[in-house]
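Each remark here refers to the structure printed beneath this line.
The values are calculated or read from the model by the stated rules, or taken from the named source; none is laboratory data. What you see is a predicted model, and the numbers here were worked out from it, not measured in a lab. Methodologically, a virtual Cβ is constructed for each residue, glycine included, from the backbone with ideal geometry; neighbour enumeration extends over all protein chains shown. For accessibility, only protein heavy atoms count, side chains too; no ligands or nucleic acids. Shrake-Rupley method; radii C 1.70, N 1.55, O 1.52, S 1.80 Å.
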Amino acid sequence: MSASGSIPPKLAAVVSPVIAIGLVAVGVATWSLTQTAYTATDAISIVALLVAFTFAERFPVPVQGAEANGVSLGFVFALAAILLFGWDVGVVVAAAAPMLMQLLEHRPPLRIAYNGGTYAVAAAVAGLSIAPIHGDSVGTLLIRATLCGVIFHVVDTALITAVVSVSSGDRFPPLLRSNIRWTAGPFGLMASAALMLVVLWERSPALSTALVGPLIAIALYQRSTFRELRAMRLALTDPLTGLGNHRHFHERLQRELVAAEDEHSPLTLCLVDIDDFKRINDRFGHPTGDRVLSRVAGRLRQGGEAFRLGGDEFALLLPGLDEHAALTAAESVVDRIGSLELELIGPITVSAGVATFPLQGAGRDELIRLADSALYWAKEHGKNRVRVYRPDVIELAELKRLASGPDRAARYRAAASLAKAVDARDAYTGSHSERVSELAARIAERLGITQEQIELTRLAASLHDLGKLAIPEEILRKPGTLTESERLVLERHPQIGFRMLESLGVDPVAEWVLHHHERWDGTGYPEGLHGEEIPLGARIIFVADAYDAMTSDRVYRRRLSIDDALNELARCAGTQFDPEIVAAFAGELGAVATGVLAS
């Protein structure tokens with residue numbers, strides 16, 4: 001809150017009524033005090049409570065998890081004032097002490113007025129609520145103290161939380177629940193201390209000084225504990241946003257995965273990235289970028305356990321939510337952030353990728369990779385959206401991203417995942433693409449070509465049927481002979497695969513996939529290439545593909561034996577297949593006895 005009094009309209013709508021009601025409460029309480037005759041002892045007691053509250057306000061006790069600077073032991077003396085002398089004394093003590101201390105600390109006038117107003121309103125509501133309860137018994141005193149303490153605490157916390165909520169943009173209900181949860185323990189202890197103070201004071205005001213030592217001990221212990229917890233928290237917290245940091249995210253994700261596995265429940269990971277964040281930093285400067293990060297972090301807190309992984313990348317853990325529920329939650333987060341509109345910058349949007357354990361990812365690193373693939377796909381296809389991981393769509397985007405990088409192993413892992421998605425739709429049993437990939441690499445090695453060409457052959461062979469993702473499943477799995485129109489549709493899959501792969505950045509792969517159904521005699525498809533016009537990699541894939549097709553069970557026929565399949569390859573060498581490649585393949589299979597292809 002600024003000292004100038006110029007505050008945003010939403011904040012003014014919260015602050016102004018509280019200050020006004022607080023002033024009325026203090027005015028009425030002061031008038032009530034003037035109408036009551038107090039003894040000299042009572043007057044001294046009231047002044048002592050006021051002084052004690054003022055001193056306690058100077059040293060608030062920090063509380064882990066609360067969205068405030070801490071709690072004040074002044075609550076003990078405000079509660080005691082209400083129980084001993086009535087609501088009017090409680091209001092004056094509760095309002096005057098913090099305002100006096102904050103004046104001495106040169107706090108902004110508006111903040112002083114609001115804090116005083118919250119204490120006055122809380123004390124008035126609590127004091128008037130217990131006014132009808134009369135009696136001198138221990139039970140009555142216990143009821144009055146408990147009820148007064150609870151009401152005072154809830155009203156005071158709600159009013160402070162309202163300002164924090166409006167200032168930060170965080171939702172009020174979860175913020176209030178969090179603050180009450182974290183402060184309930186300390187306030188309960190202070191209510192007990194207030195009850196003891198009242199009992200001692202009623203016996204002899206001098207005895208109440210015996211509580212000074214325990215109250216100081218409580219404050220010192222709480223401060224020491226808070227410092228230790230804060231040091232631990234800082235090691236796991238991003239200093240800018242207050243969210244868990246990269247280290248905390250990995251530790252927490254691993255624990256949640258173990259719990260999800262033990263309880264046989266789902267766990268969803270949602271990765272979030274701010275759209276065009278570099279443009280914001282370049283145009284408006286890094287301080288504005290930091291403000292955007294803080295506002296986005298505030299909205300993310302409302303969606304689940306949130307972390308900042310670095311830069312403009314965030315993560316949400318959604319334990320217990322299946323894919324559908326997690327998608328709804330992630331979409332809600334994206335919409336909530338999309339409603340943010342900062343001055344000068346305008347609207348802010350984010351993209352999100354979602355992956356769920358155990359449906360998609362089995363381990364920590366795998367789940368992160370799949371969610372990251374989904375996020376990449378979301379950003380590549382329009383931004384400001386959520387995408388759930390789908391291997392038949394997203395792994396291709398992952399391949400394109402990895403193609404220009406040096407990590408060959410990562411490229412092959414992505415290709416293997418994509419190949420599994422293809423095989424899941426086709427009529428082959430098992431991992432057809434993986435087997436063709438291995439066979440093709442063996443043939444290439446047998447032919448003595450370079451290691452780089454062998455690896456490219458392996459990659460292309462694993463993706464040779466990629467275009468089948470666009471072919472209707474009823475055609476792929478049809479148990480009988482295809483019609484002419486169905487055959488033409490199926491024969492389009494090399495061109496479809498080529499179009500999907502041509503931007504991959506590894507030039508031969510797309511070409512080999514395009515031509516892996518060309519025949520040696522020129523009667524193949526799609527371009528009717530002849531002999532050595534057909535790329536070598538495509539000729540290798542064609543032989544490996546045909547062999548695996550013949551030796552695999554299909555829905556419309558039984559598989560052939562190895563000998564029968566080799567005889568068929570040999571019969572078609574020179575017409576359908578490159579004779580040299582068939583001979584190399586036969587030689588490679590002949591090494592089975594020595595264990596080269598035992599797998």
Legend entry - Exposure rank, largest accessible area first [Ser167, Ser462; 1.4 Å]: Ser167, Ser462
Legend entry - Counted charge near Gly127, where neighbours are those whose Cβ lies closer than 14 Å (Asp, Glu -1; Lys, Arg +1): -1
Legend entry - Whole-Å distance, taken between Cα centres, linking the stretch 514-561 and the stretch 442-502: 9
Legend entry - Pair Asp563, His264: separation of 7 Å Cα→Cβ label points (nm): 4.9
Inset, instruction - Treat each spin label as a single point 7 Å out from the Cα along the C-beta direction, and report the Leu23 to Gln495 distance in nm. - result: 8.0
Inset, instruction - Could you order Thr481, Thr146, Thr237, Thr349 so the one with the most accessible surface comes first? Probe is 1.4 Å. - result: Thr481, Thr146, Thr349, Thr237
Inset, instruction - Just the number, please: carbon plus sulfur as a percent of the accessible area of the stretch 268-393, 1.4 Å probe, no ligands or DNA/RNA counted. - result: 49
Legend entry - Whole-number accessible area per residue in Å² for the stretch 512-572, which is evaluated in the context of all protein chains at 1.4 Å: 47
Inset, instruction - Note down the accessible area of Trp87, probe 1.4 Å, to the nearest 10 Å². - result: 60
Legend entry - Area of Glu527 that stays accessible when all protein chains are in place (1.4 Å probe, Å², to 10): 110
Inset, instruction - Rounded to the nearest 0.05, what FRET efficiency do Glu502 and Gln254 give with R0 = 35 Å and r taken as the Cβ-Cβ distance? Could you check? - result: 0.35
Legend entry - Residue-count net charge about Phe577 - beta-carbon cut-off 11 Å; Lys, Arg +1, Asp, Glu -1: -3
Legend entry - 3J(HN,Hα) from dihedral phi, the stretch 264-272, Karplus parametrisation 6.51/-1.76/1.60, rounded to Hz, x for glycine, proline: 6, 10, x, 9, 10, 10, 10, 9, 10
Legend entry - Centre separation in Å (Cα based) which lies between the stretch 14-51 and the stretch 282-313: 44
Inset, instruction - Step through the residues of the stretch 518-526 one at a time and calculate ³J(HN,Hα) from phi using the Karplus curve (6.51 cos²θ - 1.76 cosθ + 1.60, θ = phi - 60°), rounding each to whole Hz and writing x for Gly and Pro. - result: 6, 9, 4, 8, x, 9, x, 9, x
Legend entry - Under 18 Å from Lys478, Cα to Cα: aspartates and glutamates that are on another chain or at least 8 residues apart: Asp423, Asp426, Asp465, Glu486, Glu491, Asp553
Inset, instruction - Leaving ligands, DNA and RNA out of it, work out the accessible area of Asp335 with a 1.4 Å probe and give it in Å² to the nearest 10. - result: 110
Inset, instruction - Please find the FRET efficiency linking Val164 to Lys478, where r is the Cβ-Cβ separation and R0 is fixed at 60 Å, and quote it to the nearest 0.05. - result: 0.40
Legend entry - Computed lengthening from Asp290 to Leu488, 0.36 nm per intervening residue step minus Cα-Cα distance: 65.7 nm
Inset, instruction - Run the numbers on the stretch 452-571 and let me know its relative contact order in percent, using alpha-carbon pairs under 8 Å that are six or more apart. - result: 21
Inset, instruction - Tell me the label-point distance for the pair Arg279, Ala48, using the 7 Å Cα-to-Cβ offset, in nm and rounded to one decimal. - result: 6.8
Inset, instruction - Quick one: which residues, 5+ away or cross-chain, put their amide H under 5 Å from the amide H of Thr551? H built at 1.01 Å from N. - result: Leu560
Legend entry - Isotropically averaged projected area of the stretch 93-209, using the convex hull of Cα atoms (one quarter of hull area), nm²: 8.7
